[in-house]
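The values are calculated or read from the model by the stated rules, or taken from the named source; none is laboratory data. What you are looking at is a predicted structure, and each value in this text was computed from that prediction instead of being measured. Heads up, the Cβs are rebuilt from the backbone with ideal geometry, glycines too, and the neighbour counts pull from every protein chain shown. Heads up: the accessible areas ignore ligands, DNA and RNA and are worked out on the full protein's heavy atoms, side chains in. Shrake-Rupley method; radii C 1.70, N 1.55, O 1.52, S 1.80 Å.
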Amino acid sequence: MNAPASSRPHPTLPAKVLIAVDASSASQHAVAYARTLVAPGGEVRLVSIAENPRTLVPMGTLVAAALDSARAELARDADEALAKAREVFAGKDVRVDTAVIDLSKVGGNIVHALIDAAQTWQADLIVVGARQHRGLLRWVEGAVSEPLARLSHCPILIVPSAYSIKPDRLPEHILFAVDGSRHAEDALQYGVRFAAHDTELMAVYVVDRAVRLTDFVPIDVLEDAFIEEGQQALAAAKTLLAAASDQVATRLAETERTGDDIAHTIVREADHWNADLIVMGTHGRRGMARWMLGSVAERVARLAHAPLLLVHSAEG
């Protein structure tokens with residue numbers, strides 16, 4: 001039996017949110033989405049990274065004066081982007097500070113600069129846009145998404161630039177991709193922090209029915225095993241989600257036999273259900289096939305039309 005709404009906990013939103021900011025519309029879109037996701041009285045750190053001009057143009061083509069001018073322009077762009085992002089949080093009960101990381105001075109790359117900033121500040125959540133200016137977090141190419149999701153010790157929220165934001169509203173439909181692993185359970189436990197008692201929650205387990213030349217076990221045998229595992233995973237997920245919301249559903253989804261995969265199925269389910277947040281673990285298992293490993297999360301990040309929350313398991 002579900003607990004009465006009055007006994008449900010309120011959303012326990014993250015108290016320290018780090019947002020990667022640049023001059024792109026995708027970045028500003030992510031900032032607008034993140035505005036509602038910070039706990040009252042919490043902290044927001046807006047971080048903009050000024051790239052090293054020597055990495056943007058071939059060595060030897062810039063003299064010292066030209067390099068200084070390029071660095072100054074990149075720094076101005078970063079400052080302007082931060083000022084614009086800061087305005088989004090006007091009137092919110094949060095403390096906002098800003099930081100520019102100049103890679104020409106500190107060295108390294110964008111991924112490690114963000115990870116170091118988040119770890120030093122002990123962020124609860126990192127927020128990024130799905131596409132960014134000057135290659136910053138180019139999720140569609142996978143050059144940054146995999147190492148950031150793999151190396152970061154805190155969850156990462158990816159906000160697609162095309163997603164239609166509902167101003168000052170928490171997610172109303174949260175979809176959780178589960179596979180019965182500890183990693184998926186950790187993602188469930190973190191994701192419900194954004195749920196109120198009337199938030200609609202959906203747990204989805206995908207049975208991979210696609211036939212591949214590398215399958216050594218008859219597909220019917222695999223399907224039966226996956227269905228049994230999926231039913232157990234969904235039952236466990238439903239119990240956990242029911243503690244956070246009165247509106248919980250589960251679904252055992254299936255890929256098509258050919259030309260399909262788990263990432264596309266997750267995205268289809270999210271679109272069909274009008275999810276405004278997808279939650280996944282960055283690692284996990286899937287019986288004999290470990291489908292929650294980075295490759296699936298990366299493909300979902302490329303395909304998803306809704307924000308995607310990637311949670312790195314504590315045991316990972």
Checklist entry - How many nm is it between the label spots at residue 256 and residue 97, if each spot is 7 Å from the Cα in line with the beta carbon? => result 5.2
Checklist entry - Applying the Karplus parametrisation 6.51 cos²θ - 1.76 cosθ + 1.60 with θ = phi - 60° to the phi angles of the range 23-37, what ³J(HN,Hα) value in whole Hz is obtained for each residue in order, glycine and proline being reported as x? => result 7, 6, 5, 5, 5, 5, 5, 5, 4, 4, 5, 6, 3, 8, 9
Checklist entry - Counting only the heavy atoms of the protein chains, how much of residue 276 is accessible to a 1.4 Å probe, in Å² to the nearest 10? => result 10
Checklist entry - What are the residues whose amide H is under 5 Å from the amide H of residue 49, where those residues sit 5 or more places off or on another chain and H is modelled from the backbone? => result 21, 101
Item to check | Net charge of Cβ neighbours under 14 Å - reference residue 41; Lys, Arg +1; Asp, Glu -1 | outcome: 0
Item to check | Accessible surface of residue 193 - all protein chains present, 1.4 Å probe, nearest 10 Å² | outcome: 60
Next on the checklist: 7 Å from Cα along Cα→Cβ at both residue 68 and residue 223: what's the point-to-point distance in nm?
Outcome noted: 7.1
